[in-house]
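Each reported figure results from applying straightforward, stated rules to the coordinates on display, with no laboratory input. What you are looking at is a predicted structure, and each value in this text was computed from that prediction instead of being measured. Please note: Cβ atoms are built from the backbone with ideal geometry, for glycine as well, and neighbour counts cover all protein chains shown.
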Amino acid sequence: MKADLPTSNQSTRFLLLYALAWAGGSISYVPFLSILLPVRVSAVVPDQSVEWLAHIAFIGAVAASLGNIGFGWLSDRTGNRRTLIVAGVAASSILLVTMPIDGGYYRLLAQIVAWQLSLNLMLAPLSAWAGDCIPHHQKGTLGGLIAFAPAVGALSGAFVTLPGLASGDGRLWLVAVLVPLCVLPAVLFGRPRPFPELMYSDAPEVPLRQAITGLVHSAVGRMWIARLLIQIAEAALFAFLYIWLRTLDDSITDNDTARLFSIVLSGSIPIAFLAGHWSDRTGRPALPLTIGTALSATGLVVMGLAGSIPIAITGYFIFGLASTAFLSLHSAQTLRFLSRPEHRARDLGLFNLTNTVPSMVMPWLTLAMVPIFGFGALFFLLAGLAVVSGALLLSLLRQD
């Protein structure tokens, strides 16, 4: 995994503004999908909330997958990532504040699709921009910095759900204002230092179909599958944490859940930052990832055994801290393996399937298992997937 590295660093100014922009990307969807949408759907159709949320998660994930690949390809072709980012910010904010949550199932589903497409108009070029500007020897630091994003997303959920702060529609407006405040400073004032070597590769051109089929036997493929398995577990908790906690204690509120998200994700920041900094200094990016999968599996086992809120929260703390740090570091380290800068955003779109495919799989997995076996059995299955993820990454340790 070692390569010829540039000797200079990207400016701290750009790294910090990029991390803020990435946090804005998290704010754009975390509060809505994890708290605001489930709460409103539960209020409108309490007897069908799980089914509605499962269908919305599946269709939304399909739209996000196609949008991320398509808009990534577009940003590669045009070379103008910043314009697309701004367009995505504007479109997603408008669609969010006009979301017809009380307007019926099909109308809501159609706007969710449009909103997911607009989100990825912003997110696809934003993710590739880091590969254009941040050298490999700073990828671990980048992973630590973007660990702020999930925490900020969760904190924004806790903020907008503060009792008495805003109505249901007002909460959407708050999110729509926060996103451009975070994303646009990097676009307008970032001024990243150029690294021409990051925009050139002498690797041979590989057709897309051949690249996809070759993933299974490559380090990129192992990274892809390892992330996919952890993301399936993450997606299950992302969508159903609120509902699971209420099966243990029906006094749990939306704000309680949002604050739990915030605390766990905030705690992952120093873990990811220190692990990323250590991996940069030692040149061993795979070791923190492997440890993260083991701890994720441990947390899921504790959750599967939980019969009370204190044990449930303890398990979620272990899983949440480990999996969030893993995903942040993995996002940055992935850029080491993508050898063709002219296809960087498109290839990241293919990697983004590890974020969206779980949202297609997880609803049906949950609907198949939870009514019959309960949430505990689901968590044991997810723990097994985390163990497999770690086994895949073990082979990369020899290359560190």
Between the modelled labels at GLU342 and PHE373 (7 Å from Cα along Cα→Cβ) the distance in nm is 4.8 nm
Mind jotting down the distance between the C-alpha centroids of the range 232-308 and the range 319-393, whole Å? 13 Å
Students often get this wrong, so try it: which of [x] 29, 61, 10; [y] 26, 59, 15, 0; [z] 25, 54, 21, 0 is P(r) over Cα pairs in 20 Å bins from 0, in percent as calculated from the structure shown? [x]
At a threshold of 8 angstrom on Cα-Cα distance, excluding pairs fewer than six apart, so keeping six or more, what relative contact order does the chain reach in percent? 29 percent
Among VAL179, VAL113, which comes first, then next, by fewest other beta-carbon atoms within 10 Å? VAL113, VAL179
Compute the acute angle (0 to 90°) between the alpha-carbon long axis of helix 254-282 and the principal axis of greatest extent of the alpha-carbon atoms of the chain; round to the nearest 10°. 20 degrees
Below 15 angstrom from the Cβ of GLY315, what's the summed charge of the other residues (Lys, Arg +1; Asp, Glu -1)? -2
Quickly work out the ASP102-to-ARG13 label distance, labels modelled 7 Å from Cα along the C-beta direction, and quote it in nm with one decimal. 4.8 nm
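If we count every other residue with Cβ under 12 angstrom of GLN10's Cβ, Lys/Arg +1 and Asp/Glu -1, where does the sum land? Kindly include the intermediate steps, with their values, before the conclusion.
Details: positive: ARG13, LYS139, ARG191, ARG193; negative: ASP132.
That sum, taken over residues with Cβ under 12 Å, equals +3.
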For ASP169, ASP280, ASP250, order by how many other beta-carbon atoms lie within 10 Å, fewest first: ASP250, ASP169, ASP280
GNM flexibility winner over the chain from ILE85, ILE225, ILE372 (Cα, springs under 10 Å): ILE372
Once both axes come from the Cα atoms, what is the angle between helix 286-305 and the longest principal axis of the chain, in degrees from 0 to 90, rounded to 10? 10 degrees
With each pseudo-label sitting 7 Å past Cα toward Cβ, what's the ALA110-LEU181 distance in nm, one decimal? 3.3 nm
In range of the label at LEU248: residues from the range 307-332 whose backbone nitrogen is under 11 Å from the point 7 Å along Cα→Cβ: 307-318
Sorted by Cβ neighbour density within 10 Å, fewest at the top, the residues ILE94, ILE101: ILE94, ILE101
